[in-house]
Amino acid sequence: MPPVRPRDAASLVIHRRRTTHHEVLMGRRGNKARFKPGVYVFPGGGLDRADYRAQPARPLAADLVSQLAVAHSHSKANALAMAAVREAHEEAGLMFGVPGSVGAVDHASWDAFRRAARAPDLGELQFLGRAITPSHQPIRYHARFFAAPAELFSGELAGDGELEDLRWIRIEDTASLDMMEVQKLVLETLVQRLAGRDVPAQRLFFNWGRRNVIDA
């Protein structure tokens, strides 16, 4: 039986600086989740058709497109970034946007952006890396991970309940959480960036059961 084709997905790593440390926003997948229940993740989910139709205030930086494995499609690259922004709004209640319009899109989350007269400024996003679920898994994703500082968001921390124990966590304390390999890799990259190091986005994949990490 051939491997399941991975579904395109995206996550948004929201981080903030405190006086002595940095924190990231994470939540735990519910025990009834179809994919990886009980693990801590960043807000994120699958790409939706509406993410192509919603208009950003500014597109992704052009040099990021080639790193996203989208066959150089600027449209798909922007849609993935928009998916990450949308999921952060749905799962965490936070809106990443500047004054603008996403257009008339038949989707509850994008309608909330339209009513608030806000549109995502994708030019502010960093790209941390991507990962492909191992081929033997029955549910697979090709996930891209973007990052943005908390001061670019508005709204109160809430969400739709998909993520439990949603909270800000010191990056140093995430080591004690039950996480997937990709969350650990993404955090390593973020820590390096926050320290001022110019490190590339990473790609995580599995070949014959072996974990492989290379530049995205």
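Values in this text are rule-based calculations from the coordinates and carry no lab data. Here the structure is a predicted model, which is why all the values come from computation and not from measurement. When we count neighbours, we look across all protein chains shown, and the Cβ atoms used for this are built from the backbone with ideal geometry, even at glycine.
So here's what we get for this one:
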quantity: Potential lengthening between Lys184 and Thr19 on full extension [0.36 nm per residue; Cα-Cα distance subtracted]; calculated: 57.1 nm
quantity: Hull volume in cubic angstrom per residue (convex hull over the Cα atoms of the chain); calculated: 129 Å³
quantity: Least to most buried among Ile171, Ile14 (fewest other Cβ within 10 Å first); calculated: Ile171, Ile14
quantity: Given charges at beta-carbon only (K, R positive; D, E negative), |dipole| of the chain in Debye; calculated: 500 debye
quantity: Potential extension, Ala150-Ala62 segment - 0.36 nm per residue separation minus Cα distance; calculated: 29.4 nm
quantity: Residues Glu124, Glu87 arranged by fewest to most Cβ contacts within 10 Å; calculated: Glu124, Glu87
quantity: Label-reachable residues, the range 125-169, where backbone N falls under 17 Å from a point 7 Å from Asn31's Cα toward its Cβ; calculated: 162-166
quantity: Likely footprinting exposure, Ser135, Ser66, fewest C-beta neighbours within 10 Å first; calculated: Ser66, Ser135
quantity: The chain: DSSP helices with Cα axial extent of at least 15 Å and average Kyte-Doolittle hydropathy no lower than -1.0; calculated: 74-92, 181-194
quantity: Most fluctuating residue given options Ala148, Ala71, Ala201, as computed from a GNM of the chain linking Cα atoms under 10 Å; calculated: Ala71
